[in-house]
Amino acid sequence: AAPGARVEEVAAQIDAEVAAGGFRDKDLVALMVGVNDIIEIYGLYDGSNEEALIAEAGARGRRTGEIINRLIALGAKVVVSNIPDLGYTPYAVSENTANPGSDRGGLLSRLSTAFNEQLGITMLIDGRFVGLVQTDQRILLMNRQPGAFILANTTDVACATPPPGCTNNTLVDGATPNTYL
């Protein structure tokens, strides 16, 4: 794990592990990657290139699925989380505010969806080898029904310090880890 890692950095980490001895059938790999890729891709948005960006997000989701399949072929069992819908994040809210009349949150959602769709159709979904955590669906449900999860706030930033430096000691006034999504 490395802060800011994207799909290709994870592939390089796996290559390094293979060079150091590889994986065995008793190894368990936990994997969640893609959020940093979506933020990077979104940063390339110029108002006219959405289709190309969605294609790139899908390609990175496919690449992640290929990485998972490689881990399985090397003998590892994998617990993988897809990425949350970034259109429901405080970042998306701030992007919509900074770009009035735009649908920046919607674009972040479409990029997230393209990544997750390609991840899902590329990786081997077989419970003998892979456990899939559908983070996107869980976060979506929390946003739609915050009271069911005892959440007071699903839209505002909870961290005064950006990740990975955010801890329970660096939350904004009024935020708690139990009541802010």
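The values are calculated or read from the model by the stated rules, or taken from the named source; none is laboratory data. Worth saying up front: this structure is predicted, and the values here are computed from it rather than measured. Note that each Cβ is placed from the backbone with ideal geometry, even for glycine, and that neighbours are counted across all protein chains shown. Please note that ligands, DNA and RNA were not included when accessible areas were found on the heavy atoms of the full protein model with its side chains. Shrake-Rupley method; radii C 1.70, N 1.55, O 1.52, S 1.80 Å.
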Just one listed residue, out of Thr122, Thr64, is over 16 Å from the mean Cα position of the chain (by Cα), polar (S, T, N, Q), within 22 Å of Arg138 (Cβ to Cβ) and surrounded by 15 or more Cβ atoms within 10 Å (Cβ to Cβ), and it is Thr122
Flagged in the range 5-37 as assigned to a loop (DSSP other than H, G, I, E, B), open to solvent by less than 50 Å² (accessible area, probe 1.4 Å) and not aliphatic (A, V, I, L, M), in numbering order, are Gly22, Phe23, Asp27, Gly34
If we keep only residues of the range 85-107 that are closer than 19 Å to Leu181 by Cβ and hydrophobic (A, V, I, L, M, F, W, C), then the residue surrounded by the most Cβ atoms within 10 Å (Cβ to Cβ) is Leu86
By residue number, the members of the range 38-61 that are in contact with an Asp or Glu (Cβ under 6 Å, 6 or more places away or on another chain) and either open to solvent by 80 Å² or more (accessible area, probe 1.4 Å) or within 14 Å of Ser109 (Cα to Cα) (or both) are Ile41
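State yes or no: is Leu132 open to solvent by less than 40 Å² (accessible area, probe 1.4 Å) and not β-branched (Val, Ile, Thr)?
Values: open to solvent by less than 40 Å² (accessible area, probe 1.4 Å): no; not β-branched (Val, Ile, Thr): yes.
So Leu132 does not fit the description; no.
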Here the residues within the range 133-181 that are under 30 Å from Leu71 (Cβ atoms), touching a strand residue (DSSP E or B) at 6+ places or on another chain (Cβ under 6 Å) and touching a residue at least 24 places away in the same chain (Cβ under 8 Å) are Val133, Thr135
Per the filter on the range 133-153, residues within 30 Å of Glu51 (Cα to Cα) and outside any loop (DSSP other than H, G, I, E, B) are Val133, Thr135, Asp136, Gln137, Arg138, Ile139, Leu140, Leu141, Met142, Asn143, Arg144
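Check the range 13-30 and report whether any residue there is within 14 Å of Ala114 (Cα to Cα) and of a type outside the set (Lys, Arg).
no
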Within the range 163-176, the count of residues that are surrounded by fewer than 10 Cβ atoms within 10 Å (Cβ to Cβ) and assigned to a loop (DSSP other than H, G, I, E, B) comes to 1
With the first residue restricted to the range 64-89 and required to be within 13 Å of Phe115 (Cβ to Cβ), and the second required to be in a helix (DSSP H, G or I) and of a type in the set (Asp, Glu), Cβ contacts under 8 Å at 6 or more apart or on different chains are Asn82/Asp136; Ile83/Asp136; Pro84/Asp136; Asp85/Asp136
Per the list (1) within 16 Å of the chain's Cα centre (by Cα); (2) charged (D, E, K, R); (3) more than 13 Å from Ile67 (Cβ to Cβ), residue check on Glu9 breaks on (3)
Restricted to the range 67-84 and to residues being surrounded by fewer than 22 Cβ atoms within 10 Å (Cβ to Cβ) and under 15 Å from the mean Cα position of the chain (by Cα), the residue nearest to Tyr45 (Cα to Cα) is Ser81
